[in-house]
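A.B. asks: The structure follows.
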Amino acid sequence: MDALKKGFSMAKEGVVTAAEKTKAGVEEAAAKTKEGVMYVGTKTKEGVVTSVNTVAHKTTEQANLMSETAVAGANQTSEKVVEGLESVVASTGLVKQGDLTKQEGDVEKATDAGQ
């Protein structure tokens, strides 16, 4: 009977030792897994931030292009309107054609005088 008790005791110690080693192994594996997950999470976050910044930059570029295009279109439209009005005024005889063609400097001088 002593032999059985001693054998069971040794087996029990073996199981306890194996369990402790298993626990240590599981804890180490869990720590490594956590470390890996945190690394992936950090890299994913960095990727998302970079992507958001890239999209914001591209959106700003596109908005600037659109505003430049709108301003250019408005300038062309206003030039055509002025040309059309000059033509109408000249054709009705209200103003002579020579009086309508002013230099840019004349417009600036008139603007400066008004200030």
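The values are calculated or read from the model by the stated rules, or taken from the named source; none is laboratory data. Predicted model only: the values in this text are computed from it and were never measured. Neighbour counts run over all protein chains shown; Cβ positions are idealised from the backbone, glycine included. Areas reflect the complete protein model, heavy atoms only, side chains present, ligands, DNA and RNA absent. Shrake-Rupley method; radii C 1.70, N 1.55, O 1.52, S 1.80 Å.
Okay, residues lined up against (1) surrounded by 10 or more Cβ atoms within 10 Å (Cβ to Cβ); (2) hydrophobic (A, V, I, L, M, F, W, C); (3) more than 35 Å from the chain's Cα centre (by Cα); (4) part of a helix (DSSP H, G or I):
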| position | (1), (2), (3), (4) |
| --- | --- |
| 39 | yes, no, no, yes |
| 62 | yes, no, no, yes |
| 79 | yes, no, yes, yes |
| 87 | yes, no, yes, yes |
| 90 | yes, yes, yes, yes |
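A.B. asks: Let me ask you something else. Just give me the residues in the range 64-77 being open to solvent by less than 80 Å² (accessible area, probe 1.4 Å), of a type outside the set (S, T, N, Q) and either over 30 Å from residue 98 (Cα atoms) or not in a helix (DSSP H, G or I) (or both), in sequence order.
C.D. replies: Matches in the range 64-77: 70 only.
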